[in-house]
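Chemist: One structure is given below, represented as structure tokens, and several questions about it will come after.
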Amino acid sequence: MPLSNEEQKTLEELEASLLAEDPRLAHAMGSSRTPKRAHGRRAGLAGLGFLLGVCLLLVGMQTVWVLSVLGFVVMFGCAILALGSWRHMSHEPNEKVRPPKSSPHPSNDFMTKMESRWRRREDDGRL
């Protein structure tokens, strides 16, 4: 359920006062200083930077090789920035990434079956 504007303002005031009083605690609590909108904007700018890097790479191939290297560095940096922003946008700020739940049949099911067969053979004396 989204917060109303008044509740959101109150929450922002509480975060600001916590940050002013105890910055270490605020950092440990993991309060997000940048909202999803800022991460989206950052990812969009990184995409434009990536295109600029492609253009520099292509122009550098025709003229000076240093421009190609610079274009590649710009492309690489923008790709890392975009992926980091995308990761922050896909998760809630205080939500921890959980490992996938195990399947109802554990992966050692095969070994359990083999052990039970071995025990039955031992009991039957068929070794």
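No value in this document is a laboratory result; all are computed from the given coordinates. No experiment lies behind these values; they were computed from the predicted model shown. Cβ: placed from backbone, ideal geometry, glycine included. Neighbour counts: every protein chain shown.
Chemist: Expected output is a single nm value to one decimal: the length gained when fully extending between E122 and I80, i.e. 0.36 nm times separation in residues minus the C-alpha distance. What is it?
Modeler: Value of the extension gain: 9.3 nm.
Chemist: Mind giving me the nanometre distance, one decimal, between the label points for L70 and R87, set 7 Å out from Cα along Cα→Cβ?
Modeler: 3.0
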